[in-house]
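Note sheet for the following structure.
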2 protein chains.
Amino acid sequence: MIDLEGKLADSFRCKTLKWLSEEYHEMNGTQYDVLDHMPTPLEFSRLVHIARPVLIKESTVPEVDDKCAWSKEWISEKMGNNKISVAVTPNGRADAVTTGPDGKLFFAEPHTQRMTVSSFLDTLSSDTEGHEIDNQSWEVHYLQSQNGNLFSSRYFDMSGEEDPSEFEALREYIPSDVSWCSDALDRTPDAVNLWIGDERSVTSIHSDPYENIYTVIRGAKHFTLLPPTEGWCLKERRYPHGTYARSSSSSALELVPSLPSVPLVRWSSVTDPTAPGALPSEAHPIHVTVKAGETLYLPAGWWHHVRQEGFTVAVNYWYDMEGRGMSWVWMNFLRGTEEPPLGNDEGAGAKAGGQIES
Amino acid sequence: MIDLEGKLADSFRCKTLKWLSEEYHEMNGTQYDVLDHMPTPLEFSRLVHIARPVLIKESTVPEVDDKCAWSKEWISEKMGNNKISVAVTPNGRADAVTTGPDGKLFFAEPHTQRMTVSSFLDTLSSDTEGHEIDNQSWEVHYLQSQNGNLFSSRYFDMSGEEDPSEFEALREYIPSDVSWCSDALDRTPDAVNLWIGDERSVTSIHSDPYENIYTVIRGAKHFTLLPPTEGWCLKERRYPHGTYARSSSSSALELVPSLPSVPLVRWSSVTDPTAPGALPSEAHPIHVTVKAGETLYLPAGWWHHVRQEGFTVAVNYWYDMEGRGMSWVWMNFLRGTEEPPLGNDEGAGAKAGGQIES
């Protein structure tokens, strides 16, 4: 029996989302603001209300009076033999949908490996200047521990609690907040993260409920952005969870499916939105390259896919988005109030035109 | 034949709007902020992003060193014999849905009468202190010419063009803009209006695409507010247009239907949202009384019904809302992308539970 009512509800929902994304695109286009200097708190408050990406041609990280600052050598020297947590994958796709055992699709979390900064930096494929080097690692390492690895919300908590960081030694070079952003939003960051990797690491397209201030210190990041209204173009599905692991310290990484009790992960089934034909014609991706010394304001709820150019060091500041008013409600509405279909269900995928490049 | 698809689309749309208004209410409740003092531009910018009503216990209009300032006598003296345009209706309901000839419902515009300020003030039902007086007029007069009667956008246009005002003599007492609002929104007002009336004039529920700063100078205004998400509770319908007029200068006002070529007016069919049972249980009206010396921030898109207490003088500043970003798109979505049913169509009214108290 055909569920006519369900089908019509689907089609109405689809029409509604298309209408909203068309209207939004008509009013806003695909251009983005470029600022020569940091905004004032008031200017930034206005930009948060508009909630469009903004490229700022300045760094949130003060210049260090040392030509070698933020080179591999400089970072290694500052960090010494302290161990850090590094994400390791066989393919550079941490937190992404990947084909696992038996050809089934999984949402794959990386293997976390503890190592010294210098041994981590040795795995990267290019030197500080971005020239390719003969690295020893077939696996892809990415420093992407997004738990506030530089400063977490505990740091700003006045209770005096400690906020230990693996990157304690780098804290003096990185401000704990972005003052114009903290002033505009009237809050301190929820997490400040350091990111270090190379062009082999790619961040799959997703969105966060955070206002995001993203500064590139070395290298460059290529962002592919979609507004919250175009989330429907990304065909979210539910995937079983898995984590890369090795059976012994010398063996290769394998994707290990999590126990069935681990909830399915909702994720876009479009693995590379920059690939031709990956997105429907109704999507209007915005491509922004953030070079060393530049900062991107990525508004809460915007979908982003990120590639890197050679040896890349970046820092980002996540601020909780405003929960009062409309923004939160709209974001949830655009994500859909119902669970998306299963990512491994052929029927569901075909019905909605889902696609996966594995 | 039953239009099953149309019916299901209606029901889905209805469900969507109900979901949005429920979520919005859950996140925001019905409380509103009360500020003791004017916000800074930055504070106000944040409030605009949240887009909730705010009552400010301060006036945008500086105090005048004269105990009689803004009394009937004081206003009359300042204005002299200059004539002003006053809205006149038989029932105090200008710009509202009213029963017209043959019992048909109309959107009724008031009769505009030119008169001196002192003869206008004589028609009001109470004296400066709000005590009832024996006024000569059976008709209800309301100064509500919302065309920027104090300052229009032309005033801020630096081209040197003139912006004549009927209230030129009062301009020196009323700032042409609200500096913290102009700074926050980075624009000058679109219109600044003076409002003078009594408790017999009521403003029917409607919404404007403007950020609104509303200061009461004398008397008090009782606002009944609904967020943009609850617009569906107001059952907008389309009504034929009419204007009050008299056949001779001494005859009574009659509602004259406009020519059929005048487009139908989309307006709420709920004439008194404060009446018991006028709104469905899903509506969460907010009642805010703005007293003399207080200011209301009424965010763009909020529905408002306004009553007055005795002799009331007020000034409001309309600022264009931000067109970039989501706000405009959402507002249009919540208003509905399709024309509402006809207000005089029994079938349509009954189907949607429309109601009119005439």
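The values are calculated or read from the model by the stated rules, or taken from the named source; none is laboratory data. Note that the coordinates shown come from a computational prediction; the quantities given were computed from them, not determined experimentally. Virtual Cβ from ideal backbone geometry, glycine too; neighbours counted across all protein chains shown. Areas reflect the complete protein model, heavy atoms only, side chains present, ligands, DNA and RNA absent. Shrake-Rupley method; radii C 1.70, N 1.55, O 1.52, S 1.80 Å.
The charge dipole of chain A, taken about its Cα centre with unit charges on the Cβ of Lys, Arg, Asp and Glu (plus for the first two, minus for the last two), comes to roughly 800 debye.
Run lengths n ≥ 4 of DSSP H only: what is the helix-derived mean residue ellipticity at 222 nm for chain A, with -39500 (n - 2.57) per run over all residues, to the nearest 500? Intermediate results must be reported in sequence, preceding the final value.
Working: 8 runs with 75 residues, N = 358.
Result for chain A, helices only: -6000 deg cm²/dmol.
As an exercise, take the mean of 1/r over every pair of distinct alpha carbons in the protein assembly as shown, invert it, and state the Kirkwood radius in angstroms. Walk me through the numbers before you get to the answer.
Details: mean 1/r = 0.0343 Å⁻¹.
After inverting the mean inverse Cα-Cα distance, the result is 29.2 Å.
For region B:126-211, which chymotrypsin sites (Phe, Trp or Tyr not before Pro) pass both filters: DSSP loop (anything but H, G, I, E, B) and at most 15 other C-beta atoms within 10 Å?
Details: sites: B:Trp138, B:Tyr142, B:Phe151, B:Tyr155, B:Phe156, B:Phe167, B:Tyr173, B:Trp180, B:Trp195, B:Tyr210; in loops: B:Trp138, B:Phe167.
Qualifying residues, ordered by number: B:Trp138.
Within 10 Å of the Cβ of each residue in B:47-53, the mean number of Cβ atoms contributed by other protein chains is 5. Restricting the count to DSSP beta bridges whose residues both fall in the protein assembly as shown, what percent are antiparallel, rounded to a multiple of 5? Here the share of antiparallel DSSP bridges comes out near 90 percent. Of the cross-linked pairs A:Lys235/B:Lys18; A:Lys18/A:Lys57; B:Lys15/B:Lys221; A:Lys104/B:Lys18; A:Lys78/A:Lys291; B:Lys7/B:Lys235, those separated by over 27 Å at the C-alpha level are A:Lys18/A:Lys57; B:Lys15/B:Lys221; A:Lys104/B:Lys18. What a 1.4 Å probe finds exposed on the protein assembly as shown is 50% carbon and sulfur by accessible area, rounded to a whole percent.
Label-to-label distances for B:Glu172 across copies, nearest first, come out at 6.4 nm, using points 7 Å from Cα in the beta-carbon direction. Projected label points at A:Arg266 and A:Thr112, each 7 Å from Cα along the beta carbon direction, are separated by 2.4 nanometres. Legend: residues in region B:314-328 shielded by at least 10 square angstrom of accessible surface upon adding the remaining protein chains to the isolated chain (1.4 Å probe, heavy atoms) are B:Glu322, B:Gly323, B:Arg324, B:Gly325, B:Met326, B:Ser327, B:Trp328. Apply the a/c threshold of 1.5 to the C-alpha gyration tensor of region A:133-216 and tell me whether it is rounded, prolate or oblate. It comes out prolate by the Cα gyration axes.
Note on region B:1-66: Cα-Cα pairs beyond 21 Å make up 54% of the total pair count.
In the frame of its principal axes, chain B has Cα extents of 69, 54, 43 Å, reported largest first. In this simple spin-label approximation, B:Glu282 and A:Glu63 carry label points 7 Å from Cα along the Cα→Cβ vector, and these lie 5.9 nm apart.
For peptide A:95-108, the mean count of partner chain Cβ atoms within 10 Å of a residue's Cβ comes to 0. Each copy carries A:Arg154; placing its label point 7 Å along the C-beta direction from Cα gives inter-copy distances of 6.5 nm, listed from smallest up.
What ranking of B:His287, B:His222 comes out by heavy-atom accessible area, probe 1.4 Å, highest first? The partial results should precede the final answer.
Working: B:His287 110, B:His222 40 Å².
Greatest to least solvent exposure: B:His287, B:His222.
In this assembly of identical copies, the label point of B:Met27 (Cα plus 7 Å along Cα-to-Cβ) is separated from its counterparts by 1.5 nm, sorted shortest first. Remark: mean inter-chain Cβ contacts per residue of A:35-43 equal 2, using a 10 Å Cβ-Cβ cutoff to other protein chain atoms.
Once you order the gyration tensor axes a ≥ b ≥ c over the Cα atoms, which shape class does region A:1-134 get: rounded for a/c under 1.5, otherwise prolate or oblate by comparing a/b with b/c? Walk me through the numbers on the way to the answer.
Values: a/c = 3.32, a/b = 1.36, b/c = 2.43.
It comes out oblate by the Cα gyration axes.
Could you report the protein assembly as shown's accessible area per residue, 1.4 Å probe, as an integer in Å²? Don't jump to the answer; show the numbers that get you there.
Numbers: 32050 Å² over 716 residues.
For the protein assembly as shown, the per-residue accessible area is 45 Å².
Computed from the Cβ-Cβ distance with R0 of 60 Å, the FRET efficiency linking A:Lys291 to B:Asp127 stands at 0.30.
Scanning chain B for GluC sites (Glu not before Pro) lying in DSSP loops with no more than 16 further Cβ atoms inside 10 Å, the longest uninterrupted stretch between such sites is B:163-281.
Using a Gaussian network for chain B with springs between C-alpha atoms less than 10 Å apart, which of these wobbles most: B:Pro285, B:Pro228, B:Pro276? In this elastic network of chain B, the residue with the biggest mean-square fluctuation among B:Pro285, B:Pro228, B:Pro276 is B:Pro276.
Let me make sure I get this right: for region B:197-264, a, b and c are the square roots of the gyration tensor eigenvalues over alpha carbons, sorted descending. Under 1.5 in a/c it's rounded, otherwise prolate if a/b > b/c, else oblate. Which is it? Please list the in-between numbers first.
Details: a/c = 2.70, a/b = 1.29, b/c = 2.09.
Oblate shape, in that a/c is at least 1.5 and b/c is the bigger or equal ratio.
Would you list, by chain and number, the lysines whose Cα falls below 17 Å from the Cα of A:Lys83, excluding same-chain residues fewer than 8 positions away? Here the lysines satisfying the reach criterion relative to A:Lys83 are A:Lys72.
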